[in-house]
Amino acid sequence: MLDKNSIMYCPICKEELYKESENKIYKCKNNHSYDIAKQGYVNLLISNQKNSKNPGDSKEMVLARIDFLSRGFYKKISEEISRVIGKYLNEKGTESNINILDVGCGEGYYLSNLKESLKDNNTDISYYGIDVSKEAVKYAARNDKECIFSVGTNYHLPIKNESCDIVFSVFSPIDIDEVDRVLKHDGIFLRVLPRVNHLIELRDIIYDDVKIKDKVYKVDENKGKYIDEVNITYKMDLNSEEIDSLLKMTPHYWKSNKENKEKLLKYNELSITVDMRIGVFSKKDKTEKE
């Protein structure tokens, strides 16, 4: 029996992937096949797309993020993502076969929370998550059997052209050409990035010279319109264990020196600023006149 509802395609030949329930594999018409792991995910990252033996976040970073997120410190961000997407779906009206893609899904925290927030929505929605880290995707798939998770690169998304109603990315690097390619003509893209004061207290401690700059939302004028933004700012009070998890789950852990990391971890408690922006883009109508 073949499952033909998937929006995924073969990373080798770009032909449609079908799920064979009996053999627990995905395959295309050219007989390229990809096993479904026991946790439920499929690895669609081919060798020439890897920049290292084990790309993406390490197991240590994944475990630190699981611990930190489970404590609810980024719940407000997750709730705001769900609110913005829910608002868009309500404005769009009832439709069947809505596809939502989380690019750089990590452990699936935001995608799974989104699915739960929309569970009373009468719309038929499929949830897809892609990340280059096998360790992260392994956890995501084991934790949520209703979302479809795959290992893949954001720069060569194994997703069909114009198949997604909503694409979103939280802190993850993206390729706007790929986002444009997979979005439907009336789709939207949400990008969550840090603002200038995000984790400023932590950065003041671990860096001798803190660089203050805002992440600017850039979009090719031929590919989309910046239609909305939501800013989220609040404080979180962390104990020493939570400070350790926060540091290990961010790139700051690798960018700071040992001495300054040790200085940070001597704090028994610390109040740290969360400062985020959700940028919302619509896909530009190709028939629209300039």
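Each value in this text was obtained by applying a stated rule to the coordinates, not by laboratory testing. Only a predicted model underlies this, so the values are computations on that prediction, with no experimental measurement involved. Every residue, glycine as well, gets a Cβ built from its backbone with ideal geometry; the counts of neighbours run over all protein chains shown.
Grab the other residues whose beta carbon is less than 14 angstrom from that of Tyr109, score K and R as +1, D and E as -1, and report the net.
Taking every other residue near Tyr109 into account, the sum is -3.
Rank by packing, highest mean first: peptides 69-80, 121-132, 258-269, with packing defined as the count of other Cβ atoms within 10 Å averaged across residues.
121-132, 69-80, 258-269
Viscosity 1.306 mPa s, temperature 10 °C: Stokes-Einstein D of the chain from its Kirkwood Cα radius, in µm² per second?
Calculated translational D: 79 µm²/s.
Determine, for Asp175, Asp204, the number of other Cβ atoms within 10 Å of each Cβ, and report the residues in order from fewest to most.
The fewest-first ordering by Cβ neighbours comes to Asp204, Asp175.
Taking θ as phi - 60°, what are the ³J(HN,Hα) couplings along segment 7-24 by the Karplus curve (6.51, -1.76, 1.60), each to the nearest whole Hz, with x for Gly and Pro?
9, 7, 10, 5, x, 8, 10, 6, 8, 4, 9, 10, 8, 8, 4, 5, 8, 6
Output ³J(HN,Hα) for segment 36-45: one whole-Hz value per residue in order, computed from phi by the Karplus curve 6.51 cos²θ - 1.76 cosθ + 1.60 with θ = phi - 60°, and x for Gly and Pro.
Karplus-based 3J(HN,Hα) across segment 36-45 equals 8, 5, 4, 6, x, 9, 10, 8, 10, 9 Hz.
Ranking request for peptides 134-140, 229-235: highest mean number of other beta-carbon atoms within 10 Å first, then the rest in descending order.
134-140, 229-235
For the chain, which cysteines have no disulfide-compatible partner, meaning no other cysteine Cβ under 4.7 Å?
Cys13, Cys105, Cys147, Cys164
For the pairs Lys19/Lys119; Lys138/Lys160; Lys59/Lys160; Lys92/Lys115, note any where the Cα-Cα span goes beyond 21 Å.
Listed pairs above 21 Å: Lys19/Lys119; Lys138/Lys160; Lys59/Lys160.
Could you estimate the translational diffusion coefficient of segment 9-85 from the Stokes-Einstein equation, with Rh from the Kirkwood formula over C-alpha pairs, at 4 °C and 1.567 mPa s, in whole µm²/s?
83
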